[in-house]
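Asker: The structure that follows is given in the form of structure tokens.
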Amino acid sequence: MLEPVDLRILAALQQDGRLTNQALSAEVGLSTSPCWRRVRQLEEDGVIQGYAALLDRRRIGLGVLAFIRVRIDSHSEAEAEEFSESVRQLPEVVACYSIAGDSDFLLQVVAPDLDSYADFAMAVVRRLPGIKEMQTMFVLKEIKPFRGFPLDKA
């Protein structure tokens, strides 16, 4: 169970992962040594899994954002794992989720343009093991891109 000070640390780091320990400790109301120890403990416990820069996909040449719903032929564990391992190898797939409902997986995919996406979907995704059906949904406008988890619900 996370303590309130841990949640304050996590909230501050989600906002700015480059905070120095001194700035972080001032923001969350701890002295520097206890703050550093708590951050290290959160890292060791796997609560903090890493640090990264948030990029604007359009400014790095990835104008297309799409979600692909995928159904696979069989629901065997081996086939699902084979599909999952294949997807992990694709840099265009920035996230993949096993889902409930009328599809088995949801892939979040980026591409420079529609032609590149079409080539990727037809030449790569369609040929993944066990694909029975796929349906693409294109993002027209990002209303609220992922920027962190709601810690007040934790």
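Quick note: the coordinates plus some simple rules give every number you see, no bench work behind them. These figures come from a predicted structure and were not determined experimentally. We place every Cβ from the backbone using ideal geometry, glycine too, and count neighbours over all the protein chains shown.
Asker: Where does helix 114-123 land angle-wise versus the long Cα axis of the chain, in degrees 0 to 90, nearest 10?
Answerer: 70
Asker: Within a Cβ distance under 9 Å of GLU133, other residues only, what is the Lys/Arg minus Asp/Glu net charge?
Answerer: Net charge in that neighbourhood comes out at +3.
Asker: Going by alpha carbons, how many degrees (0 to 90, nearest 10) lie between the helix axis of 77-88 and the longest principal axis of the chain?
Answerer: 70
Asker: What length, rounded to one decimal in nm, is gained on full extension from GLU44 through to ILE60, with 0.36 nm per residue of separation minus their alpha-carbon distance?
Answerer: Gain in length upon complete extension: 2.5 nm.
Asker: Among 44-50, 61-67, how do they line up from the highest to the lowest mean number of other beta-carbon atoms within 10 Å?
Answerer: The peptides rank, most packed first, as 61-67, 44-50.
Asker: With a sphere of radius 10 Å drawn around the Cβ of PHE105, what net charge do the other residues whose Cβ falls strictly inside it have (Lys, Arg +1; Asp, Glu -1)?
Answerer: Numbers: positive: ARG69, ARG71; negative: ASP104.
Here the charged neighbours net out to +1.
Asker: So, one more: Give the cross-link partners of LYS153 among the lysines, using a straight C-alpha distance below 20 Å as the criterion and excluding same-chain residues fewer than 8 apart.
Answerer: Filter leaves LYS144.
Asker: From the Cα gyration tensor of the stretch 35-154, with a ≥ b ≥ c the square roots of its eigenvalues, which class applies: rounded if a/c is under 1.5, or else prolate if a/b is larger than b/c, or else oblate?
Answerer: Oblate, since a/c reaches 1.5 and b/c is not below a/b.
Asker: Using a simple spin-label model with points 7 Å from Cα along the Cα→Cβ vector, what separation in nm is obtained for GLU3 and LYS132?
Answerer: Between GLU3 and LYS132, the label points sit 5.1 nm apart.
Asker: Dipole size in debye (nearest 20) for the chain around its Cα centre, Lys and Arg Cβ +1, Asp and Glu Cβ -1? Kindly include the intermediate steps, with their values, before the conclusion.
Answerer: Numbers: 18 positive and 23 negative charges, 128 e Å.
For the chain, the charge dipole is close to 620 debye.
Asker: Multiply the residue separation of SER116 and ASP152 by 0.36 nm, subtract the distance between their alpha-carbon atoms, and state the gained length in nm to one decimal.
Answerer: Gain on extension, SER116 to ASP152, equals 9.0 nm.
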